[in-house]
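See below for the structure under consideration.
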Amino acid sequence: MTFSGRERDLAVLTGQWRKVVDGSAASRGRAVVVTGRRRVGKSRLVQEFVDRLGAPAVVFQATRGRHPASERADLAETVAACDLPDQGQVVGLAATDWNQALRLLALALPADTASVVVLDEVPWLMAEDPEFEGALQTVWDRHLSQKPVLVILVGSDLSMMQSLQSHERAFFGRAATMTVEPLHLADVAHATALAGPDAVDAWLTTGGFPEIVASWPRGCSWEEFVRQSLADPLSPLLVSAQLTLLGEFPGPSVSRRVLEAIGAGERTFATVAAAASPDQGLTSGTLAPVLQTLQTRRAIAVDLPLSTANDTRNRRYRIADPYLRFWLAFGADMVALAERGRPDLALARVERSWAAWRGRAVEPLVRMSLERLLPDDQWPQVMTVGGWWNRQNNPEVDLVGADRAGRHLGFVGSVKWHQTQPFDHHDLAQLLRDAPRVPGTTPQTPVVAVSRNGAEPGLPLAACWTPDDLVGAWR
């Protein structure tokens, strides 16, 4: 697979490497915890970093459910076969516990040449042997931190990787943390050779997941890509989400039902509870911790209305990952029809609901993009961009720009993502009717728009951002 994008992530890792090379850190060695959701490209990123670096390195990937003794033996064999200058010292040696295994690794590391160690899928090592974490801390303190080495610990289980760094755990304070996100909008635009609204469609569909983005032929339209993907039941567009869900929710569970309810479009606590358990609904005591866990695992995001009035009760839930959001909305039907050999029916099913789904799905991307563009000379105080709604969702205002404390509103606005129609005077009239309902607005509060097709000439908008502006925000 061709590697594309990730320049910022590579720069972060390179910065840690330079601290090892020039000895500018508190200890000679540096440790970095690299985490992120499954299939986001963590292992590929780290391997690309190692390949570009060209420094002595050892890369070890754990195997889920494997016996610790077998993992230790595999690590010893990996070290003995790598290109570390001193690897010959450990050839033929064995380890009866993780302390010994990691000391063998430290023994193979050169004392006068900077090197890299990658331990991939660390949560699997932690799960199979509770002694691993303590051994890592001991060997790091006594041996690894004394050598010029960059140790990269990779893992997809967000809760376990976070616990590795929590203050009550053995390895606390010994590593920097880096979260790998999916490819951003500009990276997707570059990889697919698409611009403006077509690039946005590609990002909303693939979520920036490298495997899916790589399957998108350069310059291919959204409709043609979906058609090609639906014609292949094993295409990344159809399969990736199933693998992710099986990895994170391997069996039927309340969490899976809640996730599917939110993916189907339910946004409030009450409607999620009803949809996740149609017969009797979920009690607050059951649903609240499930939502919290899903949020901690970054499967869902929680939005609050933004205004000068603090409102922490009027939460709205959404799937955090745009690709998983796409798959939960269309995936079950797509997979079933594709497996029946009827991709034409699957495409028609997606196309019927695509415009309406896209109109809401694009809103979080718009807000994130504007937060990258702002503050600027026009709105020097705007540090956060959200939306506003009341309990009845009538009205809903798509865009509210505010200072970080939420005490001053810079603008209110609307997002219109019609296929061909620009933001027009009807859209403006609706915005002007709804805007005064947002606490903190005045008659002088500027109104703005974000539109797939620009705005009708002559409208009194303080700004109108286009898809090209959104793509540019990520460059």
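A few notes on this one:
- When Glu121 is tested against (1) farther than 17 Å from Val58 by Cα; (2) under 28 Å from the mean Cα position of the chain (by Cα), only condition (1) is not met.
- Residue match in the range 179-199 (condition: open to solvent by 30 Å² or more (accessible area, probe 1.4 Å), touching a strand residue (DSSP E or B) at 6+ places or on another chain (Cβ under 8 Å) and at pLDDT below 95): yes
- Checking Arg404, Arg372 one by one, the residue that is modelled with pLDDT of 95 or more and among the basic types (Lys, Arg) is Arg372 and no other.
- Residues considered: Leu105, Leu93. Of these, the only one that is surrounded by fewer than 17 Cβ atoms within 10 Å (Cβ to Cβ) and among the hydrophobic types (A, V, I, L, M, F, W, C) is Leu93.
- Any hit, the range 220-234, residues being within 26 Å of Glu339 (Cα to Cα) and aromatic (Phe, Trp, Tyr): yes
- Residue in the range 142-177 that is most open to solvent (accessible area, probe 1.4 Å), counting only those that are modelled with pLDDT of 85 or more and either within 17 Å of the chain's Cα centre (by Cα) or small (Gly, Ala, Ser) (or both): Thr177
- Cross-chain or 6+ apart pairs with Cβ under 8 Å, the range 342-358 first and farther than 21 Å from Ile319 by Cα and in a helix (DSSP H, G or I), then at pLDDT below 95 and of a type in the set (S, T, N, Q): none
- Selection count where residues are crowded, with 18+ Cβ neighbours inside 10 Å, assigned to a helix (DSSP H, G or I) and of a type outside the set (Ser, Thr, Tyr), scope the range 215-238: 7
- Check on Ala80, of a type in the set (Gly, Ala, Ser), out of contact with any strand residue (DSSP E or B) (no Cβ under 7 Å at 6 or more places or on another chain) and in a helix (DSSP H, G or I): yes
- The range 13-38, residues that are open to solvent by 20 Å² or more (accessible area, probe 1.4 Å), over 20 Å from Val188 (Cβ atoms) and in contact (Cβ under 8 Å) with a residue 40 or more places away in the chain: Gln16, Trp17, Val21, Gly23, Ser27, Arg28, Arg30
- Some residue of the range 215-238 being on the phi > 0 side of the Ramachandran plot and either modelled with pLDDT of 95 or more or acidic (Asp, Glu) (or both): yes
- Checked against the criterion of being open to solvent by 60 Å² or more (accessible area, probe 1.4 Å) and on the phi < 0 side of the Ramachandran plot, the candidates Asn314, Asn310 yield just one match: Asn310.
- Within the range 273-326, the set of residues being closer than 30 Å to Gly155 by Cβ, small (Gly, Ala, Ser) and part of a loop (DSSP other than H, G, I, E, B) comprises Ala299, Ala320.
- Only a single item in (1) under 28 Å from the mean Cα position of the chain (by Cα); (2) open to solvent by 30 Å² or more (accessible area, probe 1.4 Å) is not met by Gly41, and it is number (2).
- Just so you know, in the range 62-118 the residues that are among the basic types (Lys, Arg) and over 20 Å from Val149 (Cβ atoms) include one that is farthest from the chain's Cα centre (by Cα), and it is Arg66.
- Residue check for Met334: open to solvent by 50 Å² or more (accessible area, probe 1.4 Å), over 24 Å from Val254 (Cβ atoms) and within 24 Å of the chain's Cα centre (by Cα): no
- Subset of the range 44-73 [open to solvent by 60 Å² or more (accessible area, probe 1.4 Å) and either part of a loop (DSSP other than H, G, I, E, B) or charged (D, E, K, R) (or both)]: Arg44, Asp51, Arg52, Gly54, Thr63, Arg64, Arg66, His67
- Criterion (of a type in the set (A, V, I, L, M), modelled with pLDDT of 95 or more and buried (at least 22 other Cβ atoms within 10 Å of the Cβ)) met by exactly one of Val117, Val139, Val122: Val117
The values are calculated or read from the model by the stated rules, or taken from the named source; none is laboratory data. Keep in mind it's a predicted model, so treat the numbers as computed, not measured. Backbone-built Cβ (ideal geometry, glycine too); neighbour counts: all protein chains shown. Each accessible area value is taken on the protein alone, full model and side chains, heavy atoms only, with ligands, DNA and RNA left out. Shrake-Rupley method; radii C 1.70, N 1.55, O 1.52, S 1.80 Å.
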